[in-house]
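Enquirer: Okay, here's the structure, questions in a sec.
Readers should treat all values here as calculations from the given coordinates under stated rules, not as data from a laboratory. Please read all numbers here as calculations on a predicted model, not as lab measurements. Every residue, glycine as well, gets a Cβ built from its backbone with ideal geometry; the counts of neighbours run over all protein chains shown.
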There are 2 protein chains.
Amino acid sequence: MFSILQEPDFSQAYQFLSNSIYNRLITVFADCDIIYEGRASSIATLAPRLIIIKLDGSLIVHENVKREPLNWQPPGTKILIIKEPFTILGIRRKPKEELRIRLHNIYYITSALVKDGEFKLEGDEIDFVNAVIKNPNLIENGLKIIQREYRTPYGIVDLLGEDSNGIKVIMEFKRRRASLQAVSQLHRYVIYGHKQFGKCRGLLVAPSITENALNLLRNLNLEFKQLNIKAKITQFVS
Amino acid sequence: MFSILQEPDFSQAYQFLSNSIYNRLITVFADCDIIYEGRASSIATLAPRLIIIKLDGSLIVHENVKREPLNWQPPGTKILIIKEPFTILGIRRKPKEELRIRLHNIYYITSALVKDGEFKLEGDEIDFVNAVIKNPNLIENGLKIIQREYRTPYGIVDLLGEDSNGIKVIMEFKRRRASLQAVSQLHRYVIYGHKQFGKCRGLLVAPSITENALNLLRNLNLEFKQLNIKAKITQFVS
DNA sequence: CCCTCTATTTCGCCA
DNA sequence: TGGCGAAGTAGAGGG
């Protein structure tokens, strides 16, 4: 199920790692320096760090703060152990990049057999849009839903509808406070909509919007509909 | 420097964790189920997982694939150990959320004293813009740089310049292939620029651009300047 | 705090 | 494989 190697020499570490890579979830705690070269480049000087090697080739290096790793390599990385100098090397093509972790002193190595469990996440944007599809009146009376994920050359429209006057309504949803970027996104779709449908409306649906975004939105003749899906659900329940 | 506890009972684990939290970099490998409730919500069923607790309160749970953790809590999280049922609880206000990791069987716990090393990263967008500030002719002859990070209500312009005809040039830089979103971003600034300066140009600077983005850009009377900074550097060197 | 934007973003989906 | 956009995005920087 798991095994631990404490203060191994490089020869022991080499054996252990070679047998475990791509088979086990590995952690290494060691003094190391790190060179990354690829999409960007970085150097990390000698210090103790926690290294994780996953079954899919993900390579992750943590220091003692932050949720984000100091260095990493995404899934699909080719991982090599070099004996001299003792190095964990992660190589990727496309983009061409490599992470070179040179180990100076190894405190411990662990390996473990992990079987993924079930995982379910709720409350993302999909749920938000789904709620509106089920009940278009949340947006406005008489709104008809035409298409979800309507594809245009200028991006993918969350929801395309038609109002009670037969005018197309292009809707962009944000689960959180809408920003300038959300307005721009909607604007892009409306530029296309005008070419495609002639007159049409652009509607940004979100729980709130920043002041600058609201100004821009008005400038561009777009509309904002305040909608907080969680609040609405409780409203329906009560 | 480090210590390891193998197959502890809950009482031992409690002692160990209580003494280590916020002092040491901790890893726990254990069978656990996890409930997250906050910005979204998730459930993970019983399975062996690797848990990391950092000195700044970061809480990270990994399974055996992906660079991203299965669940997490960012820095600043309040971490509590509950005895019955044995649980690592991470609580945050603003946003209000909690991560509840219930441990069923603990394989090992490690703790270690980590001193952060030096770290230096190069090759991000800042370097890209800096290269142009140093040598505006990379963009076009006669270009004058007026301001870096020019703030407008519609966003922050990477670089504001003036061309040889005295026309303002609003520049947006992308280190990688420019997308629709990059065009929109530039367009936002130019909308403001027209109000502020009257006539002005919008220039997207990137190593390449997607076809749809290029079409949109032309539609909006914006310009694209192909520039690959790494290539340019080698060019100057050679 | 909020706003804005980058990121070695990662990840998923779809043509 | 590339385009596109969401993410419990995280993290940085400025007002």
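Enquirer: Can I get the semi-axes of the range B:16-65's equivalent ellipsoid? Compute them from the C-alpha gyration tensor as square roots of 5 times the eigenvalues, in angstrom, largest first. It would help to have the intermediate numbers written out before the result.
Expert: Values: eigenvalues 84, 40, 18 Å².
They are 21, 14, 9 Å, listed largest first.
Enquirer: Between A:PHE197 and the same site in the other copies, what are the distances in nm, shortest first, taking label points 7 Å from Cα along the C-beta direction?
Expert: Sorted ascending, the copy-to-copy spacings read 3.5 nm.
Enquirer: Separate question: In nm, one decimal, shortest first: how far is the label point of A:LYS78 (7 Å from Cα along Cα to beta carbon) from the matching points in the other copies?
Expert: Counterpart label points of A:LYS78 in the remaining copies fall at 5.0 nm.
Enquirer: Okay, next question. Which order results if A:LYS54, A:LYS199 are arranged by neighbouring Cβ count within 10 Å, fewest first? Walk me through the intermediate numbers first.
Expert: Values: A:LYS54 24, A:LYS199 10.
Going from sparsest to densest Cβ surroundings: A:LYS199, A:LYS54.
Enquirer: Oh, and also: Which angle from 0 to 90°, rounded to the nearest 10, does the C-alpha axis of helix B:125-134 make with the longest principal axis of chain B?
Expert: 30
Enquirer: What's the minimum Cβ distance from chain B to the axis relating it to A, in whole Å, and which residue gives it?
Expert: Minimum Cβ distance to the axis, with residue: B:SER184, 2.
Enquirer: If I histogram all Cα-Cα distances within the range B:144-213 using bins 5 Å wide from 0, what percent of pairs lands in each bin?
Expert: Whole-percent P(r) values from 0 Å outward: 4, 18, 30, 24, 16, 8, 0.
Enquirer: Taking one equal scatterer on every alpha-carbon of the range A:2-112, how large is log10 of I(q)/I(0) by Debye at q = 0.19 1/Å?
Expert: With no solvent term, the Cα-only Debye profile gives -0.94.
Enquirer: Once the mean 1/r over all distinct Cα pairs of the protein assembly as shown is inverted, what Kirkwood radius in angstroms do you read off? Please list the in-between numbers first.
Expert: On the way: mean 1/r = 0.0390 Å⁻¹.
With all distinct Cα pairs of the protein assembly as shown included, I get 25.7 Å.
Enquirer: Something else about it: Based on the alpha-carbon set only, what is the convex hull volume of chain A divided per residue, in Å³? Write down the numbers at each step before the final one.
Expert: Working: hull volume 45.0 nm³, N = 238.
Residue-normalised Cα hull volume stands at 189 Å³.
Enquirer: Let me check I have the definition right: for the range B:104-164, take the eigenvalues of the Cα gyration tensor, multiply each by 5, take square roots. What are those semi-axes in whole Å, largest first?
Expert: On the way: eigenvalues 425, 53, 18 Å².
The three semi-axes for the range B:104-164 are 46, 16, 10 Å.
Enquirer: Can you put B:THR27, B:THR87 in order, fewest other beta carbons within 10 Å first?
Expert: On the way: B:THR27 24, B:THR87 17.
The order, fewest Cβ neighbours first, is B:THR87, B:THR27.
Enquirer: Restricting things to Cα coordinates, could you compute the convex hull volume per residue of the range B:76-117 in Å³?
Expert: Details: hull volume 4.4 nm³, N = 42.
So the per-residue hull volume is 104 Å³.
Enquirer: I'd like the orientation of helix A:180-197 relative to chain A: the angle between its Cα long axis and the longest Cα principal axis, in ° from 0 to 90, rounded to 10.
Expert: So the helix axis and the longest Cα principal axis differ by about 50 degrees.
Enquirer: Please identify the GluC sites (Glu not before Pro) of the range A:42-132 that satisfy two criteria: DSSP loop assignment and at most 11 other Cβ atoms within 10 Å. Which are they? Walk me through the intermediate numbers first.
Expert: Values: sites: A:GLU63, A:GLU97, A:GLU98, A:GLU118, A:GLU122, A:GLU125; in loops: A:GLU63, A:GLU118.
Qualifying residues, ordered by number: A:GLU118.
Enquirer: If the limit is 24 Å between Cα atoms, which of B:LYS78/B:LYS115; A:LYS54/B:LYS54; B:LYS144/B:LYS225; A:LYS66/B:LYS78; B:LYS199/B:LYS225; A:LYS174/B:LYS54 go over it?
Expert: A:LYS174/B:LYS54
Enquirer: Under 19 Å from the Cα of B:LYS195, which lysines turn up, not counting those fewer than eight places away in the same chain?
Expert: Once the sequence-local lysines are set aside, what remains near B:LYS195 is B:LYS168.
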